[in-house]
1. Determine ³J(HN,Hα), in whole Hz, for all residues of the stretch 262-279 in sequence, where each value follows from phi through the Karplus function 6.51 cos²θ - 1.76 cosθ + 1.60 and θ = phi - 60°; x replaces Gly and Pro.
2. For Gly97, which sequence-distant residues (separation of 5 or more, or a different chain) have an amide H within less than 5 Å of its own amide H, given hydrogens modelled in the peptide plane?
3. Which whole number of Å³ per residue matches the convex hull of the alpha-carbon atoms in the stretch 8-283?
4. Shape verdict for the stretch 33-136, please, from the Cα gyration tensor: rounded (a/c under 1.5), prolate (a/b greater than b/c) or oblate.
5. Counting only pairs 8 or more places apart or on different chains, how many lysine pairs in the chain have C-alpha atoms closer than 17 Å?
6. Whole-Hz Karplus ³J(HN,Hα) for the stretch 31-36, in order, using 6.51 cos²θ - 1.76 cosθ + 1.60 and θ = phi - 60°, x for Gly and Pro?
7. So what is the relative contact order for the chain, in percent, with contacts set as C-alpha pairs under 8 Å and at least six apart?
8. With loop defined by DSSP as not H, G, I, E or B, and exposure as at most 15 other Cβ atoms within 10 Å, which is the longest segment of the chain clear of exposed chymotrypsin sites (Phe, Trp or Tyr not before Pro)?
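Coordinate-derived values only; no laboratory data. Bear in mind that the values here come from a model prediction, so they are computed numbers and not experimental data. Methodologically, a virtual Cβ is constructed for each residue, glycine included, from the backbone with ideal geometry; neighbour enumeration extends over all protein chains shown.
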Amino acid sequence: MLSIKDYSVFGSTGFVGSNLIARHPLNERVLRDQYACQYQRVIYLISTTHNYHVYDDVGLDVKTNLVHLCEVLRCLRDRSLTEEVEFNFISSWFVYGNVPSVSLPVSEEFKCEPRGFYSITKYAAEQLVQSFAETFGIKYRILRLSNVLGPGDSSFGPQKNAITWMLHQLFSGNQVKLYDDGLPLRDFLHVSDVVDAIALIINNGEFNQIFNVGRGEPTPIGTLIWHAANQLGATDKVISVQAPRFHQQVQSRDMWMNSGKLFDLGFRPTRSIASIVDELLSSFQS
């Protein structure tokens, strides 16, 4: 097992954070309302998860993704005067924005143009981390995660981890609306592969770099939904609809990432798309 033991992790109760803790035990889990930590090496996962908060709490993305981050950085600033500080920031593919198909798979050097409050604040957080690190001589890494799937996400819904929610709807005998015939492309990884990739980068990745964390190949969203529908005998429950205007406005139609830097470290996905769907369907039975 890769060792990332002597790190403080912010966001250990979320879907990815809890899986990281379970698979790669860490010495400190920092509570969500705390800013200081024991270790000078940090893994930071605290974040909102989708662009729809603008409809119910217009300031939530700013407070969670930027204000809280700044308070943590303030604490680390004081430590950086006497200690060697390392900051690993977990970001998202959402920061890329609407990427033209000719630019796919998107590399870390691509110019980000995010849309939506979640996407914009995640990219702003990346820039704050980079600026802060350069100012105070702190080492950093930024990890942009692809779509993460797997059992154990208790807060999935139509906006957050929507694929899992759609699969659960089918499992429950409910109708599922599949945007644009399920043709939009995404980059999917099982959560266990994601946390192994995080550990691999933290152990072996260069500092002051951005890393895409994905499978590196496109999968139509419909592939997952139709696989589940066939498994459940629920093909009549899937209907195709046009994506709503807001969804089109803040989401890229197609997205997959060039994860060559990650693959150069030796990473290879261990879970197929079909096995991920099958595991999720089995998890709904418990």
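1. Taking θ as phi minus 60°, the curve returns 5, 5, 5, 7, x, 6, 9, x, 10, 10, 6, 4, 4, 5, 5, 5, 4, 5 Hz for the stretch 262-279.
2. HN-HN under 5 Å from Gly97: Glu113, Arg115.
3. Numbers: hull volume 33.3 nm³, N = 276.
In the stretch 8-283, the Cα convex hull volume per residue is 121 Å³.
4. Numbers: a/c = 2.74, a/b = 1.47, b/c = 1.86.
The shape class here is oblate.
5. Values: Lys63/Lys122; Lys111/Lys122; Lys122/Lys160; Lys160/Lys177; Lys177/Lys237.
Lysine pair count for the chain: 5.
6. 5, 4, 9, 9, 10, 8
7. On the way: 520 pairs, mean separation 59.7, N = 286.
So the answer I get is 21 percent.
8. Numbers: sites that count: Phe207, Phe284.
The reported range is 1-206.
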